[in-house]
Amino acid sequence: MARINGSQVLAQSIKALGIGRIFTVRAPGLDELVEVLEQESGAQVFFAHDEVAATLMADGFARRSRKAAAVLTGAWGRALAQVAGVTNAWADRVPLIAISLCPDVGPDNNRGWNRADFDQGAVFAPVVSWRGRVSLPEQIPKALAKAVMASRAGRMGPAHLDICPGALKASADEKVLAFLLPPADPDAVIEPARIPADSTSLNQAIALIKNAKKPLIFAGGGVKASAASQALIALAGDFGIPVATSMSGIGAIPSDSPFCIGAPSYTAGETFHAAIREADVVLAVGAAFSGLEGFGLPPIWGAYIAFIHVDNDPLVFGVNVSPQVCVFGDVRTVLEQLYQAFSKSGFSAPAAWKAWHEYLMRLKKGRKKRLDDFAKKNWAKPHQGRLALAVGRFMIEQDAIMVIDGGNTPLYAASYAPGLAPDQAFFPFGMAALGGGVPYAVGVALAARGRRVMLVTGDGSFLYAVQELETIRRLNLPVTIFVNNDSAWNMIKAMQDSFFECRYVGTCIPETDYAKIAKGFGIPAMRVTKAAQMDKALEFAAGQSGPVLVDCVTDCKNLPDSLLSFTLVEFEGSLTQLDPKKVLKSLWMNRSMGLARSRHMADYVRKAILGINPRQKRGL
Amino acid sequence: MEISNGGEILVTALARQGVKKVFSIIGGQMGTMYDAIGRHPDMEVITPRSEASAALMACGYTASTGEPCVSMATVGAGVVYETAGLLMAWLDYLPVLSIAPQVQSYKMKPHQENLQACDQDLLFAPFTKFSAIGYHAKRLPQLVDRALREALCNIPGPVHLDVPVDILFERQVLTKAQKERLFVPPANTRYQGAVLPDPKAAKRAFEILGKAKKPLVLVGQGMGRPTRHKELGSLLVKAKIPVITSSKSSGIVWAAKGVDAGPALVFEQSPTAMRIFNDADCIVVLGKDAQSAKLLEKASLGKTLPFVIHAEIDPKALDAPSKGYVPVWGDPASVFSSLLQAVAQEKAWAEKVCNASARAAASLAGDFAQSRSLFDATAPSIGANDLIVADGPKACCATAAFLGTTPCQGVFMLDGQEIAGAGLPFAIGAAVGNPNSHIYLISEQRALFHHLREAATAVCLGLENLTIICPDAQLAEPGVEGSADTAKILAGMGLTTRIFEKGPALVASVGLARAI
Ligand SMILES: Cc1ncc(C[n+]2csc(CCOP(=O)(O)OP(=O)(O)O)c2C)c(N)n1
Ligand SMILES: [Mg+2]
């Protein structure tokens, strides 16, 4: 019987499971394995400069392509560098496969004298769907197959596998490969199990919706995971039900579609607040009602909403909101079932629905006008909204895919974005972690070969993985980077403005020329300091076939108005604990933001937070 | 009466314990802590460009100053970046205090799908000495004391504190008396006194070492760098016994003639050096770590062991006494102090070991051997007060080989086996902690790229006491499209760069490079 070593077993397992892309970093102890994988696994191998970035690249690739992707790194620090990317994948339910080498001696000695022998896999425990460890080549096929299966079950999530270096060097009987199925297609899209809903819960849901006066569909990230956008648009459009999306549901329905209430979550301002406060029946599809969504509870949500919760993971039912009806099943399949049931019964939207829809659309229109007018005012430095509008135009002209990174920057990008397709905007919404931008741009560009990828990033976030500009340059990826250069960790600086008497600690970033940094990497770049230069910059960017960067200098005194909602939800009562005298003083000191900005914010408080909208026009 | 809050109480407790630097990127939940730091005259936040480097900077600061410091990252999002960096503190025995906010205490455990949240305390538990949650604002000073004691006592290491945001923001109205009670004078969290060895074991060790003609000292983690590293070093120099240092205790007898027998890394890799090691008839092991243990194991393969005297502050690290093996429970400095008078080695032995090691190091320096002239040119500018950080195995060997006779304040061998590319952030931490020293970072290019962004941080901080030397820098080949040019990249980030023709090597610094 022929014998093969562990590296070869791993290569064959990867091939059998159809893991077509591997992201890694060259490292001592790993190079030999990578060489075997390049030759025998059938996977494409991509090299990053740092393991944090490699993991995020794999995550980005998996998000956009919905195909299998893995990250592979060495042990210790190189393994723990995966944690950031793995956690993003965990929070956003991405079936990422994370593989690392691990200390060879085994965790039984953990907390003994030898600190190098720590329980590496345990670090991942809180943030993975499954984790395992192999020390013999024979164990590899089964463990990897289990990792892949676990990562795709139900709501999906990352799996982490530790491999002892000894297991790669040891040899095994070729028979161990008999466990594996014939090679899977590495380019196959990971399809969720298309489980239909049972008729009882479906009928209950239909009855509840039909009786509603102000129905609302609330679409979460699960809609995208299930590729259910078409079904969602059809149901909403043909039967006249308005749709709001959660932050991770961005693009589940294009924001400019006539039944979408606008941008995702609070970035839709008063429209979103009104929708979730006033709706009487909410059909929640693929949404988790996490903390950011205020758990689906008052005071953010209306107190008397009847929820219908559709999800492919029964464990989320009743955890936060308590739904009237729970529908277990694949999101797309259930939406299609609902559509069929409605159309079979010849249903058409009652007058109350139409009035409700028109009301929300009026709010949407008003908000858009307010935002656009404000951004286009004659500001000294280009307004972030202006940048976002320009970027949106670029996106349409170039048919680009957007990757977002930053604090305020994503809020601007979301508020002003044109109608997005479900696979056209990427940000790690669950963790809201900075620094994914550059690596996600790499992963997304590799997944969407040929399409232009546009990274819109805050200045603070941009440098997290700046070394990978070399990777972008080396692979000559069509990535256009727009830096919102406000010389600040601005989302947090805003907090010091409002509550801490404008005492800036660790929130100012010294003026930095990001165009110069890009040029250092051999990437053409341009710096914009005035709104009038914006068109020229877009032209310049459009003229490049490879990577390009536009460094846009903006004013840190500007804030996205929806930041207020996010802050209130995140901090709950904590802000009321601050010394009121200091808060008042802060407000007074903030008068330097000027009348226009103050009025803009006050408008938001009135319309969105307090919900004071022209009710008389509602006709309800 | 004074209005305060949990965050301010925490920061005051840190300041009271002498913590001066906090390496951190802010998050909203850290608002009250940051504000308190901003108002405290002795404290400062140093902001890197990723939380991973915050922890590594903290490592560099602590390792080079002996003072504990804080690495702080925001809930979830920041913490997950920090883990990889904080692992270095665990592996390198450094007392870094990691602090992170958490979501509200009433919904943090177990995890409940809060934005950014995860079970952070569990994330840190496998590689910290202590990972706790502060549920009570007025108890935070007590918790800080406990955490620092854990970090500093015995063998140092990192500790972690999670504090929920509602506790950090919670209003605390304190009377003067309450305040005094809350912030009692600093507790003695830094017990670094001696743990004296059992006289019987010490006596046996004394007899054995006294008979040895070819003794060697192998320092593993020693006792953890920040505590009694210097004291142990001067004892070893006094004994004039050849000392091999594992990477974790590098520089403990730096450039001491006839004493500094080079890094364990060299012996690990070079068979000729290993032959000398095998010649020894008595090995004194002071605080073993993974690397020194491996070396010992390698030495003992297939031959009868020489005598091994093994001193540890942690009795768990000792083996049972056996023929030729003398375990001594006690702190390595005290143990060695009791052995000092015993050393009576053969005359030329120490020199022989040191020379063999230096030769082996030179041969292992690989491509770096070509840049020998660069090292020769650098050596004269290195002052007694300066620090050297070497990143990557070749850089470590080259530093040992070519700068091994240049005395300086401290040398840090980051051999890249466990943590990759820590050099740049580590050197920045050292530069922040030692404003009167010049820091020479000798880094392999691969290593430098891991945390390349921090070059921009060095510029932002105006760290003119940092010079980056990259002996194998990849420079653009003229006419080759797309070949990365490290010099141009660093220049783009605002550093002053110079190509050293004879390498070619790259020298970069903030402002004007120190003359090389
Ligand atoms: C990894 C990580 N660290 C810290 C934070 C906390 N944080 C949220 S927004 C923000 C500021 C981001 O600054 P920048 O990228 O410049 O974007 P801006 O808000 O200025 O648009 C910070 C530090 C985070 N979310 N993730
Ligand atoms: Mg910014």
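Quick look at the numbers
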quantity: Verdict on A:Ser461 being within 7 Å of ligand 1 (Cβ to nearest atom), assigned by TED's automatic domain parsing to the domain that holds A:Gly435 and assigned to a helix (DSSP H, G or I); calculated: yes
quantity: Qualifying residue in region B:130-141 (condition: surrounded by 24 or more Cβ atoms within 10 Å (Cβ to Cβ) and either out of contact with any strand residue (DSSP E or B) (no Cβ under 9 Å at 6 or more places or on another chain) or of a type in the set (Val, Ile, Thr) (or both)); calculated: no
quantity: Selection from region B:278-298 of residues that are closer than 27 Å to B:Met88 by Cβ, at pLDDT below 95 and not hydroxyl-bearing (Ser, Thr, Tyr); calculated: B:Gly287, B:Lys288, B:Asp289, B:Ala290, B:Gln291, B:Ala293, B:Lys294, B:Leu295, B:Leu296, B:Glu297, B:Lys298
quantity: Single residue of region A:556-595 satisfying the filter (charged (D, E, K, R) and within 14 Å of chain B (Cβ to nearest Cβ)) that is nearest to A:Asn476 (Cα to Cα); calculated: A:Glu570
quantity: Helices (runs of 4 or more DSSP H) contained entirely in region B:140-229, each with at least 2 residues that are of a type in the set (Lys, Arg); calculated: B:140-152, B:176-182, B:199-211
quantity: First in region A:484-499 and more than 10 Å from every other protein chain (Cβ to nearest Cβ), second anywhere and of a type in the set (Val, Ile, Thr), Cβ under 6 Å, 6 or more apart; calculated: A:Asn484/A:Thr409; A:Asn484/A:Thr554; A:Asn485/A:Val553; A:Asp486/A:Thr554; A:Ser487/A:Ile509; A:Ala488/A:Thr507; A:Ala488/A:Ile509
quantity: In region A:448-463, residue nearest to ligand 2 (Cβ to nearest atom) [restricted to those that are buried (at least 24 other Cβ atoms within 10 Å of the Cβ) and in contact (Cβ under 8 Å) with a residue 60 or more places away in the chain]; calculated: A:Val456
quantity: Qualifying position, being within 16 Å of ligand 1 (Cβ to nearest atom), within 17 Å of the chain's Cα centre (by Cα) and either of a type in the set (A, V, I, L, M) or not in a strand (DSSP E or B) (or both), among A:Ala445, A:Ala494, A:Ala441; calculated: A:Ala441
quantity: Which numbered condition A:Ile517 misses (of (1) surrounded by fewer than 18 Cβ atoms within 10 Å (Cβ to Cβ); (2) within 16 Å of ligand 2 (Cβ to nearest atom); (3) within 14 Å of chain B (Cβ to nearest Cβ)); calculated: (1)
quantity: Within region A:156-225, strands (runs of 3 or more DSSP E) holding 3 or more residues that are touching a residue at least 40 places away in the same chain (Cβ under 8 Å) and surrounded by 14 or more Cβ atoms within 10 Å (Cβ to Cβ); calculated: A:159-163, A:215-219
quantity: Qualifying residue in region A:467-489 (condition: part of a strand (DSSP E or B), more than 17 Å from the chain's Cα centre (by Cα) and more than 16 Å from ligand 2 (Cβ to nearest atom)); calculated: yes
quantity: Strands (runs of 3 or more DSSP E) within region A:275-338 that include 2 or more residues more than 17 Å from A:Leu235 (Cα to Cα); calculated: A:306-311, A:325-328
quantity: Among (1) in contact with a His (Cβ under 6 Å, 6 or more places away or on another chain); (2) away from every other protein chain (no Cβ under 14 Å), the one test that A:Leu144 misses; calculated: (1)
quantity: Within region A:329-355, tally of residues that are over 30 Å from the mean Cα position of the chain (by Cα) and not aliphatic (A, V, I, L, M); calculated: 11
quantity: Residues (under 20 Å from the mean Cα position of the chain (by Cα) and part of a helix (DSSP H, G or I)) located in region B:257-293; calculated: B:Ala264, B:Leu265, B:Val266, B:Ala290, B:Gln291, B:Ser292, B:Ala293
quantity: Test: residue in region A:378-390 that is within 16 Å of ligand 1 (Cβ to nearest atom), within 27 Å of A:Ala227 (Cβ to Cβ) and surrounded by 24 or more Cβ atoms within 10 Å (Cβ to Cβ); calculated: no
quantity: So A:Lys381, is it more than 27 Å from the chain's Cα centre (by Cα), more than 27 Å from A:Gly291 (Cα to Cα) and free of Cβ contacts under 8 Å to residues at least 40 places away in the same chain; calculated: no
quantity: Test result for A:Val553, touching a residue at least 40 places away in the same chain (Cβ under 8 Å), surrounded by fewer than 18 Cβ atoms within 10 Å (Cβ to Cβ) and either away from chain B (no Cβ under 14 Å) or within 16 Å of ligand 1 (Cβ to nearest atom) (or both); calculated: no
quantity: Residue within region A:372-388 that is within 14 Å of chain B (Cβ to nearest Cβ) and within 16 Å of ligand 2 (Cβ to nearest atom) present; calculated: no
quantity: Residue in region A:85-102 that is at positive phi and either aromatic (Phe, Trp, Tyr) or outside any strand (DSSP E or B) (or both) present; calculated: yes
quantity: Helices (runs of 4 or more DSSP H) wholly inside region B:344-417 that include at least 2 residues being outside the structural domain of B:Ala473 (by TED's automatic domain parsing) and in contact with a helix residue (DSSP H, G or I) (Cβ under 8 Å, 6 or more places away or on another chain); calculated: B:349-364
quantity: Lone qualifier among B:Ala311, B:Ala333 - being among the aliphatic types (A, V, I, L, M) and either out of contact with any strand residue (DSSP E or B) (no Cβ under 7 Å at 6 or more places or on another chain) or modelled with pLDDT under 90 (or both); calculated: B:Ala333
quantity: Unique residue being more than 28 Å from A:Val83 (Cβ to Cβ) and at pLDDT 95 or above when the list is A:Ala143, A:Ala150, A:Ala197; calculated: A:Ala197
quantity: Boolean, A:Thr267 is within 22 Å of A:Lys213 (Cα to Cα), among the β-branched types (Val, Ile, Thr), in contact (Cβ under 8 Å) with a residue 24 or more places away in the chain and part of a helix (DSSP H, G or I); calculated: no
quantity: Strands (runs of 3 or more DSSP E) wholly inside region B:1-114 that include at least 1 residues being within 10 Å of another protein chain (Cβ to nearest Cβ); calculated: B:2-5, B:21-24, B:44-46, B:69-72
quantity: Lone qualifier among B:Leu387, B:Leu374 - being crowded, with 24+ Cβ neighbours inside 10 Å and touching a His at 6+ places or on another chain (Cβ under 9 Å); calculated: B:Leu387
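The values are calculated or read from the model by the stated rules, or taken from the named source; none is laboratory data. On a predicted model such as this, the values are computed, not experimentally measured, just so you know. Virtual Cβ from ideal backbone geometry, glycine too; neighbours counted across all protein chains shown.
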